[in-house]
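The values are calculated or read from the model by the stated rules, or taken from the named source; none is laboratory data. Owing to the predicted nature of the structure, the values given are computational and were not obtained by experimental measurement. We place every Cβ from the backbone using ideal geometry, glycine too, and count neighbours over all the protein chains shown. Side chains are part of the model used for accessible areas, which takes the heavy atoms of the whole protein and leaves out ligands, DNA and RNA. Shrake-Rupley method; radii C 1.70, N 1.55, O 1.52, S 1.80 Å.
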Amino acid sequence: MTNTFERRYKNGIDPTRGGYPGFKYTRTIADGLVIERDVAVPMRDGVNIYVDIFRPADNPDADLPVLVAWSSYGKHSPQKLADFPADTGVPEGALSKYVAFESPDPMYWCRAGYAVIFVDPRGTWGSEGVAEAFWGEGEGQDYHDLIEWAGTQPWSNGKVGMAGVSYLAIIQWLTAATQPPHLAAMNPWEGVSDLYRDFAFHGGMPETQFHPWWHEGVLFSRSKVEDTVAMRDEHPFDDDYWATKRADLSKVTVPAYVVASWSDHGLHTRGTLEAYKGLGSSRKWLEIHGRKKWGYYYDEQSIARQRAFFDHFLKGEDTEVDQWPAVRLEVRDRYYEGQVRNVESWPVIETDYRALHLDAATMTLGAHAPRDEASAEYSATDEQDHVVFDYRFDTETELVGNSKLRLWVEAEGADDMDLYVALQKIDADGEPVNFPFFSIWENGNVALGWLRVSHRELDKERSTPQQPWLSHRREQKLAPGEQVPVEIEVLPSGTVFHEGETLRLLIQGSDVNKYPAGTPTQRHHSAVNQGRHIIHTGGQYDAHLLVPVTREVTGASGATTNTQSTQ
C-alpha cells in the first residue's frame, strides 16, 4: 500500500534507561532451561532483530514446538505486575523470573516440551532498524519472517504458535493475515483489531490517558520510533493511516483460540470480539470472561486450556479441544461471581433485542414509548452532573451482547457534544454492583459507550439494528438549537439481573470513572463540551436503549426461557 501521509517519529530513549542489560550473545543453562540471549534473526530486507530463546535443558535439540511472544516492551523485562497501584489478580510467586511482560512463562512451557521465543522487534531495544509503525503491516511481515525462521531451526518440529496478551495479541491479527507456512495456531488473548475505534478514539473522542502512558513504554531504541500520539493528533478521522494498522481478518485461516473479556471497555473488549467475528479460520473458539485480564491469563485453569490447545495443534496430541463449545462465556452477577454458558456462536443467535424507552418525565426506562415529550439536561462541564434512567426487572434476566442507545440530543451553548454513557447494575437494596475493570480496578460498570456528536454519521453498510458503526470520515457540527438523533454503540457485556434489581443508564459530559494518571486506564479530556446537554424523549423523540436478552426466568414456576442452548 502506498502511504498518502507522512509518518512522525520520536528519537529513541537509551535502552539502558529502561533496564536493558546490554547487547551480547550468551548461552547459559539454569533452572532446567537452556537460555540463549540476543540471537540474531535476519528479516527479508537484511535487518537483524534479536530474540531470546528458552528450551528444556534435558532435551534442547529435540523436535520442539515453538511458542513466540512478540512485543516492544523488552524481551529482557520481567513481569512487573507488583509495580501497579492495585491488585492485578496474579498471586505473588505464581510466575518465574523469566517471564517477560504479558508473555507465557518459559519455565512452565519448556517443562511441557516447548521452545519459547521472546522478541525485541525492529528498531526497539537492541534490534537493528527503525520502529516505523507499531502494529502496522511492516511489523506483521517481520513477525512472519521470525515464524519462518523458528519453524526451520534444527531444534524445531516445524510448528509455531503465537501467544500472549494485549500488544502480543494485537500483532497476531496482522501476522496471521500474512499466512506464514509454519504458523500452526494462534492464541490472541485480548487484543484490539481496529486501532482507530478501539484504542486511539472512542466514538470519535481522542483517548488522552492510556495512549500517551503506553507510548512512553515503547520509546526505548537505538534509533527512532513511530510517534503514535502525534499521528493520532494529525489523523482524527479513519483514513489511510489507520488502514495500515488493520488486518484483513478474512485471510486469517489458522486455528485460533481467542479470549476476550467484558472488563476491558475502551481497550480490548470490542476489538477482540470483532476480530473473532471476522476471522476466516474454520477452526476457531471464543472465550469471554469478566475478570482481570492478567490474573485470568495466568490462572491455572486458563493455562491448562492454553496447553490443551497448543498440544493439539503444535504436537498433534488428542486433547479436549475437539469437545470445546464454539463459544464459552461468563455471565457476571457481581465482582468475580458468575455462571459460565456454552453457546453456539457470537453474537449469541436468536437474541431478543428489546427496546427500553427513555422517559425524561419520570427518569425511567420502560417497555412502551411515552406519548408526551419531555427533556432532561445536565451541565456539560460539571463532572458531578449527569442524568440517569432506571429499569427495574421483575424477572431474572440475562443480557449478553451489544446494546445500542438511540438519543435525541441538543447542545446549549456549543456546536458539538461529547457524550459518555454507562450501564450500571443496582441491587435490590439500591446499592451499586461493581465489576473488574481495566486489568487492576474493581469498581467497573456493566458497559460503556462514547460519542462525539459531530462524528454521528453512520456507515450504513456495516451498521446493524443492534450495533451502529460510525464512519468517522467527517465532522457534522450542530447549529444553535438543533436537535439531532444519534446512535451510540454500548460495548458488549454479559450480566444477569435478578428480580428486583435495576439496570441504570447514566449519561454525562465526562468519564464515568476517573482513575489516576500513569495507570493503565482510559480517559478523555473533552475539548468540545460547553454549556448544557439536553436529552429529548417521548412523542416524536424515539429515544430508547436496545438491550440483548438471552435468557430469562418467567412465571411463578421459575421456568427458564433460553434464546440459545446453554450449559
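Of the residues Leu470, Leu458, only one is under 26 Å from Gly538 (Cα atoms), of a type in the set (A, V, I, L, M), at pLDDT 95 or above and surrounded by 15 or more Cβ atoms within 10 Å (Cβ to Cβ); which?
Testing whether each residue is under 26 Å from Gly538 (Cα atoms), of a type in the set (A, V, I, L, M), at pLDDT 95 or above and surrounded by 15 or more Cβ atoms within 10 Å (Cβ to Cβ) leaves just Leu470.
Within the stretch 5-23, work out how many residues are hydroxyl-bearing (Ser, Thr, Tyr) and either over 28 Å from the mean Cα position of the chain (by Cα) or assigned to a helix (DSSP H, G or I) (or both).
So the count comes out to 2.
Testing Ala275 on (1) in a loop (DSSP other than H, G, I, E, B); (2) surrounded by 23 or more Cβ atoms within 10 Å (Cβ to Cβ), one condition comes back false. Which one is that?
Condition (1) is where Ala275 drops out.
For the stretch 41-71, which positions are of a type in the set (A, V, I, L, M), within 21 Å of Phe101 (Cα to Cα) and open to solvent by 10 Å² or more (accessible area, probe 1.4 Å)?
none
Out of all the residues in the stretch 171-179, is one or more surrounded by fewer than 23 Cβ atoms within 10 Å (Cβ to Cβ), among the β-branched types (Val, Ile, Thr) and either modelled with pLDDT of 95 or more or more than 30 Å from Asn59 (Cβ to Cβ) (or both)?
Start the filter on the stretch 171-179 by keeping residues that are surrounded by fewer than 23 Cβ atoms within 10 Å (Cβ to Cβ), which leaves 177-179.
Now restrict to residues that are among the β-branched types (Val, Ile, Thr): 178.
So of that shortlist, the ones also either modelled with pLDDT of 95 or more or more than 30 Å from Asn59 (Cβ to Cβ) (or both) come out as 178.
Checked against the condition, which is being surrounded by fewer than 23 Cβ atoms within 10 Å (Cβ to Cβ), among the β-branched types (Val, Ile, Thr) and either modelled with pLDDT of 95 or more or more than 30 Å from Asn59 (Cβ to Cβ) (or both), the stretch 171-179 yields at least one hit.
For residues in the stretch 55-92 being part of a loop (DSSP other than H, G, I, E, B) and among the aromatic types (Phe, Trp, Tyr), which is farthest from Met107 (Cα to Cα)?
Of everything passing the filter in the stretch 55-92, Phe84 is farthest from Met107 (Cα to Cα).
Is there any pair with a first residue in the stretch 17-29 that is over 25 Å from Asn59 (Cα atoms) and a second that is in a loop (DSSP other than H, G, I, E, B) and at pLDDT below 90 whose Cβ atoms are under 8 Å apart and which are 6 or more apart or on different chains, and what are they?
Every condition considered, the pairs that remain are Gly18/Ser77; Gly19/Ser77.
Would you please name the residue that is farthest from Tyr276 (Cα to Cα), looking only at residues in the stretch 345-387 that are part of a loop (DSSP other than H, G, I, E, B) and among the small types (Gly, Ala, Ser)?
Applying the filter and picking the extreme gives Ala361.
Report yes if Phe220 is open to solvent by 10 Å² or more (accessible area, probe 1.4 Å) and over 30 Å from Arg334 (Cβ atoms), otherwise no.
Answer is yes for this residue.
Within the stretch 419-435, track down each residue that is in contact with a Gly (Cβ under 6 Å, 6 or more places away or on another chain) and open to solvent by less than 10 Å² (accessible area, probe 1.4 Å).
Val421, Phe435
All but one of (1) among the acidic types (Asp, Glu); (2) assigned to a helix (DSSP H, G or I); (3) under 26 Å from the mean Cα position of the chain (by Cα) hold for Glu102; which doesn't?
Just one mismatch for Glu102, condition (2).
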